[in-house]
1. Being at pLDDT 95 or above and out of contact with any strand residue (DSSP E or B) (no Cβ under 6 Å at 6 or more places or on another chain) is the filter here; which residues of segment 112-127 pass it?
2. Can you tell me how many residues within segment 37-56 are farther than 30 Å from Pro18 by Cα and of a type in the set (A, V, I, L, M, F, W, C)?
3. State whether one or more residues within segment 39-47 are surrounded by 16 or more Cβ atoms within 10 Å (Cβ to Cβ), at pLDDT below 90 and not hydroxyl-bearing (Ser, Thr, Tyr).
4. Would segment 59-67 turn up any residue that is under 20 Å from Ser15 (Cα atoms), of a type in the set (Val, Ile, Thr), out of contact with any strand residue (DSSP E or B) (no Cβ under 7 Å at 6 or more places or on another chain) and assigned to a loop (DSSP other than H, G, I, E, B)?
5. Where residues in segment 74-93 are part of a loop (DSSP other than H, G, I, E, B) and modelled with pLDDT of 95 or more, which of them is surrounded by the most Cβ atoms within 10 Å (Cβ to Cβ)?
6. Which ones in segment 94-124 are assigned to a strand (DSSP E or B), within 12 Å of Ser64 (Cβ to Cβ) and not basic (Lys, Arg)?
Amino acid sequence: MDKRVTGLGGVFFKSQDPKKSKEWYKNHLGVEGIFHWQPADGNGPAGQTVFSSFKEDTTYFAPSEKPFMFNFRVENLEELLTALRAEGVTVVGKVEDYPYGKFGWILDPEGNKIELWEPKEDDGGGQ
């Protein structure tokens, strides 16, 4: 398998007050939650990287107890998960399919949950 991760799909973190966090990042850093981009070589679809907070008591990052989760864009989720399982990586849950792409989850050696996202070909990077 040649390609694994093709880009950063998102950075997610827990917050005591997600609305207040969103407003702070917007007002002080100009971050509105989504970074739109084009591939540097001009080949392939446009994409986006999401920056978002979740409620402090979210279970979405489980089984990790860390207050953050990365989302990586991948080219072939099923093939990658098969390769990762064979390499001894912990795969969490089952692949979920949505109109904007497929998702799978793994744990790194420190128990951090990582979301893997295979966007739909024509999604424009949207989530």
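The values are calculated or read from the model by the stated rules, or taken from the named source; none is laboratory data. Keep in mind the model is a prediction, meaning the values are calculated, not measured. Positions of Cβ are generated from backbone atoms using ideal geometry, with glycine treated the same way; all protein chains shown enter the neighbour counts.
1. If the condition is that a residue be at pLDDT 95 or above and out of contact with any strand residue (DSSP E or B) (no Cβ under 6 Å at 6 or more places or on another chain), then Asn112 is the only one that fits.
2. 1
3. Restricting attention to segment 39-47, the residues satisfying the condition of being surrounded by 16 or more Cβ atoms within 10 Å (Cβ to Cβ) are 47.
So of that shortlist, the ones also at pLDDT below 90 come out as 47.
If we keep only those that are not hydroxyl-bearing (Ser, Thr, Tyr) as well, we get 47.
Yes, segment 39-47 contains a residue that is surrounded by 16 or more Cβ atoms within 10 Å (Cβ to Cβ), at pLDDT below 90 and not hydroxyl-bearing (Ser, Thr, Tyr).
4. Just the residues of segment 59-67 that are under 20 Å from Ser15 (Cα atoms), to begin with: 59-67.
Checking which are of a type in the set (Val, Ile, Thr) leaves us with 59.
Filter once more, so that each one left must be out of contact with any strand residue (DSSP E or B) (no Cβ under 7 Å at 6 or more places or on another chain): 59.
Add one more test, that the residue is assigned to a loop (DSSP other than H, G, I, E, B), and what stays is 59.
The answer is yes, given that some residue of segment 59-67 is under 20 Å from Ser15 (Cα atoms), of a type in the set (Val, Ile, Thr), out of contact with any strand residue (DSSP E or B) (no Cβ under 7 Å at 6 or more places or on another chain) and assigned to a loop (DSSP other than H, G, I, E, B).
5. Val89
6. Of all residues in segment 94-124, those assigned to a strand (DSSP E or B) come to 94-98, 101-107, 113-119.
When the remaining residues are screened for being within 12 Å of Ser64 (Cβ to Cβ), the result is 105-107, 113-115.
The answer is Trp105, Ile106, Leu107, Ile114, Glu115.
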